[in-house]
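Chemist: So that we are looking at the same thing, I have put the structure below in structure tokens.
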Amino acid sequence: MNYFQLFAIEINFDVDLNQLSQTYQTLQKAVHPDRFAHASSQEQLLAVQKSAEINDGYQTLKQPIKRAEYILKLRDVDMPDEQQSFSDTSFLMQQMELREMLGEVKFAADSELAFNNAQQVLTEEYQQLLAEMQQQIAENNAQANALACDNLRKLKFYQKLNIELERIEDSLFDD
């Protein structure tokens, strides 16, 4: 059973997160360990396993990048290794520029302004790529799935940059 079936929703990138959360809570209540306190050890083990599967499914479907990756895997799209290099040299150059921008935030005369500008740039570019990938997943053909896969890898780069920006924020503004 795949996670979309588990949560009784269509295989689609657009997921109603409120519905997902409600279904998650309902499913977890059904397999809660207290309900199996007087059951056999095998039934208790099955409940724990089902609970873990529900948790994994929820974590996968509620996060856009994990959800996209899961959909592409369900479609048997050949996902390149994350360590495999990009052929998109302009993207790689852009990543170098963004890393330089993040490095400069620490030493800017107005670090708060530099931080806010960096955050805005990362957010806008992430949202643009996410929208492209969402459209490609909706198209669901070989070429669109391959492009979605490339954009998924790019989004993971942006995710790492955002984590780096959060670390910079902690170091600059922690009192």
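Chemist: Residue pairs, Cβ under 6 Å, 6 or more apart or interchain, first in region 1-29 and in contact (Cβ under 8 Å) with a residue 24 or more places away in the chain and in a loop (DSSP other than H, G, I, E, B), second surrounded by 11 or more Cβ atoms within 10 Å (Cβ to Cβ) and among the charged types (D, E, K, R). List them.
Modeler: Hits for this filter: zero, empty list.
Chemist: Can you spot a residue in region 120-128 that is touching a helix residue (DSSP H, G or I) at 6+ places or on another chain (Cβ under 6 Å) and closer than 24 Å to residue 166 by Cβ?
Modeler: The first filter runs over region 120-128 and keeps only residues touching a helix residue (DSSP H, G or I) at 6+ places or on another chain (Cβ under 6 Å), leaving 122, 126.
From the residues that got through so far, the ones that are closer than 24 Å to residue 166 by Cβ too are 122, 126.
Looking through region 120-128, at least one residue is touching a helix residue (DSSP H, G or I) at 6+ places or on another chain (Cβ under 6 Å) and closer than 24 Å to residue 166 by Cβ.
Chemist: State whether one or more residues within region 145-157 are assigned to a helix (DSSP H, G or I), free of Cβ contacts under 8 Å to residues at least 60 places away in the same chain and either touching a Gly at 6+ places or on another chain (Cβ under 9 Å) or more than 29 Å from residue 4 (Cβ to Cβ) (or both).
Modeler: Taking region 145-157 and keeping what is assigned to a helix (DSSP H, G or I), we get 145-157.
Still in the list and also free of Cβ contacts under 8 Å to residues at least 60 places away in the same chain: 147, 151.
Now narrow it down to the ones that are either touching a Gly at 6+ places or on another chain (Cβ under 9 Å) or more than 29 Å from residue 4 (Cβ to Cβ) (or both): none.
Taking every residue of region 145-157 in turn, none turns out to be assigned to a helix (DSSP H, G or I), free of Cβ contacts under 8 Å to residues at least 60 places away in the same chain and either touching a Gly at 6+ places or on another chain (Cβ under 9 Å) or more than 29 Å from residue 4 (Cβ to Cβ) (or both).
Table: residues versus (1) within 29 Å of residue 11 (Cβ to Cβ); (2) at pLDDT below 90; (3) part of a loop (DSSP other than H, G, I, E, B).
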residue	(1), (2), (3)
79	yes, yes, yes
85	no, yes, yes
96	no, no, no
104	no, no, no
118	no, no, no
121	no, no, no
126	yes, no, no
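Chemist: Working only within region 126-166, note down all residues that are among the hydrophobic types (A, V, I, L, M, F, W, C), over 16 Å from the mean Cα position of the chain (by Cα) and surrounded by 12 or more Cβ atoms within 10 Å (Cβ to Cβ). Let's see the steps before the verdict.
Modeler: From region 126-166, those among the hydrophobic types (A, V, I, L, M, F, W, C) are 129-131, 133, 137-138, 142, 144, 146-149, 152, 155, 157, 161, 163, 165; that's our starting set.
So of that shortlist, the ones also over 16 Å from the mean Cα position of the chain (by Cα) come out as 138, 142, 144, 146-147, 165.
If the condition is that a residue be among the hydrophobic types (A, V, I, L, M, F, W, C), over 16 Å from the mean Cα position of the chain (by Cα) and surrounded by 12 or more Cβ atoms within 10 Å (Cβ to Cβ), then 138, 144, 146, 147, 165 are the ones that fit.
The values are calculated or read from the model by the stated rules, or taken from the named source; none is laboratory data. The structure presented is a predicted model; accordingly, all values stated were derived computationally and were not measured. Glycine also receives a Cβ, built like all others from the backbone with ideal geometry; neighbour counts cover every protein chain displayed.
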